[in-house]
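J.: I'd like to ask some things about the structure below.
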Amino acid sequence: MTLEDCRKKIDVVDREIMTLLNQRAEIVREIGQIKAKAGLPITDWNREIEILRWVAQENEGIMNDEAAARIFRRILQESRQMQIELIEDQKLEGEAC
């Protein structure tokens, strides 16, 4: 297999990752709306710990657990940021005349 062949395979996987990340982002927005309506905090540290434990348990690939955890920590961080921005946007819309 050539370098170009490998890169094409990575491109396919990257497209799948982007599709899945955007699907996750849609759900994250829904969760943010539910939290906002219920007056719940954005961050649920217990849930994040649960997710990171799950990552370590389910990781059966060649990526080490710490690398997988770093990636998921970043996904969780961006998910929190999305929810923060959603709530801020909703507040601004509520303040508009």
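Read the figures in this text as sums done on the coordinates, not as results from a lab. All of these numbers come straight from a predicted model, not from anything done at the bench. Glycine also receives a Cβ, built like all others from the backbone with ideal geometry; neighbour counts cover every protein chain displayed.
J.: Out of 87, 46, 13, whose Cα points farthest toward the positive end of the dipole of the chain (charges: +1 Lys, Arg; -1 Asp, Glu; placed on Cβ)?
T.: Working it through, the farthest residue towards the positive pole turns out to be 46.
J.: Nearest 10 degrees is fine. How inclined is helix 65-95 to the longest principal axis of the chain, computing both from alpha carbons?
T.: Value to nearest ten degrees: 30.
J.: By per-residue mean of other Cβ atoms within 10 Å, what is the highest-first order of 21-34, 2-15?
T.: Put in order of decreasing packing, that is 21-34, 2-15.
J.: Based on DSSP H runs of at least 4 residues, each adding -39500 (n - 2.57), what is the mean residue ellipticity at 222 nm of the chain after dividing by all its residues, to the nearest 500 deg cm²/dmol?
T.: That comes out to -30000 deg cm²/dmol.
J.: Treating the Cα atoms of the stretch 3-95 as identical point scatterers in vacuum, please give the log10 of the normalised Debye intensity I(q)/I(0) at q = 0.24 Å⁻¹, two decimals.
T.: These q points yield log10 I(q)/I(0) values of -1.26.
J.: What size of dipole, in debye to the nearest 20, comes out for the chain about its Cα centre when the only charges are +1 on Lys and Arg C-beta atoms and -1 on Asp and Glu C-beta atoms?
T.: 100
J.: Go through 72-81, 51-60, 38-47 and give me the packing order, highest mean Cβ count within 10 Å leading.
T.: 72-81, 51-60, 38-47
J.: With θ set to phi - 60° and the Karplus curve 6.51 cos²θ - 1.76 cosθ + 1.60, what are the ³J(HN,Hα) couplings of the stretch 41-48 in order, to the nearest whole Hz, using x for Gly and Pro?
T.: Couplings: x, 5, 8, 10, 4, 4, 5, 5 Hz.
J.: Within straight cross-link reach of residue 8, meaning Cα distance under 17 Å, which aspartates and glutamates are found once same-chain residues fewer than 8 apart are removed?
T.: 16
J.: What length, rounded to one decimal in nm, is gained on full extension from residue 15 through to residue 54, with 0.36 nm per residue of separation minus their alpha-carbon distance?
T.: Residue separation times 0.36 nm, minus the Cα-Cα distance, leaves 11.6 nm.
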